[in-house]
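The values are calculated or read from the model by the stated rules, or taken from the named source; none is laboratory data. From a predicted model like this one, the values you see are computed outputs, not experimental measurements. Here the Cβ positions follow ideal geometry from the backbone for every residue, glycine too, while neighbour counts run over all protein chains shown. The area values use the complete protein model at the heavy-atom level, side chains included, leaving out ligands, DNA and RNA. Shrake-Rupley method; radii C 1.70, N 1.55, O 1.52, S 1.80 Å.
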Amino acid sequence: MASLALFSLPLLRRSTPRLVKSGSAIAAQAWQQSRSHRLSPTGDELYEKTTVTRIERDSPEMMFIESYSSSGFVINGDRVVGPCAVLPRSILQWNVGSHKDISLESLSLFHLLVPKIEILVLGTGDRVERLDPTISRIMRQKGVAIEVQDTPNACATFNFLTSERRVTAAALIPVSE
């Protein structure tokens, strides 16, 4: 305790109940936590309008994944059927049927692009599926980091990274019904 005083840190007391004399009886007064704000709406707050802000693209050349379904994706207002590769300035069909078809060959496009892709967001469908560690290692050696997620989270991650102006690509497999 003396060493704490050298650093001029305040010392804290142990939190034990205090004894208070009330009439002829002695009672233990316990400390209770209290909140200074309400947790639920009251009165007219229940009927106030809810406002929603739609996230818009900053520039026309920025890719933005608007929605996904079992048949494909809506990207910048264009409907894409099936698996797709979303690049910084274009959208391509991606020739994979499921996460089992992902190979070094199917990902080769992403390390050949100029400007170089920093992060590849890989959406594997309904669930996060493991990628072969050899593929991850080789892609990392080529300068591309891979983030493997389920497709809904991959879409959100791609939109976030793109909004931060990161050089990002996405390889997406649609969710099943």
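Residue under question is Arg130, and the condition is that it be exposed (fewer than 15 other Cβ atoms within 10 Å of the Cβ), basic (Lys, Arg), touching a helix residue (DSSP H, G or I) at 6+ places or on another chain (Cβ under 9 Å) and not in a helix (DSSP H, G or I); does it hold? Walk me through it before giving the result.
On the way: exposed (fewer than 15 other Cβ atoms within 10 Å of the Cβ): yes; basic (Lys, Arg): yes; touching a helix residue (DSSP H, G or I) at 6+ places or on another chain (Cβ under 9 Å): yes; not in a helix (DSSP H, G or I): yes.
Yes, satisfied.
Scan region 75-120 residue by residue and report those that are closer than 14 Å to Ile146 by Cβ and of a type in the set (S, T, N, Q).
Ser103, Ser106, Ser108
With respect to Gly143, determine if the residue is at pLDDT below 95, open to solvent by less than 30 Å² (accessible area, probe 1.4 Å), in a loop (DSSP other than H, G, I, E, B) and at positive phi. Give the derivation first.
Values: at pLDDT below 95: yes; open to solvent by less than 30 Å² (accessible area, probe 1.4 Å): no; in a loop (DSSP other than H, G, I, E, B): yes; at positive phi: yes.
Answer is no for this residue.
Mind checking which residues of region 72-123 are open to solvent by 70 Å² or more (accessible area, probe 1.4 Å) and in a loop (DSSP other than H, G, I, E, B)?
Answer for region 72-123, where residues must be open to solvent by 70 Å² or more (accessible area, probe 1.4 Å) and in a loop (DSSP other than H, G, I, E, B): Arg89, Asn95, Glu105, Val114, Pro115, Lys116, Glu118.
Of the residues Thr162, Thr157, which single one is farther than 14 Å from Ile102 by Cβ, touching a strand residue (DSSP E or B) at 6+ places or on another chain (Cβ under 9 Å), open to solvent by 30 Å² or more (accessible area, probe 1.4 Å) and outside any strand (DSSP E or B)? Full working, then the answer.
Details: Thr162 fails: open to solvent by 30 Å² or more (accessible area, probe 1.4 Å).
None of the others qualify; the one that does is Thr157.
Of the numbered conditions (1) modelled with pLDDT of 95 or more; (2) outside any helix (DSSP H, G or I), Glu177 satisfies every one except a single condition; which is it?
(1)
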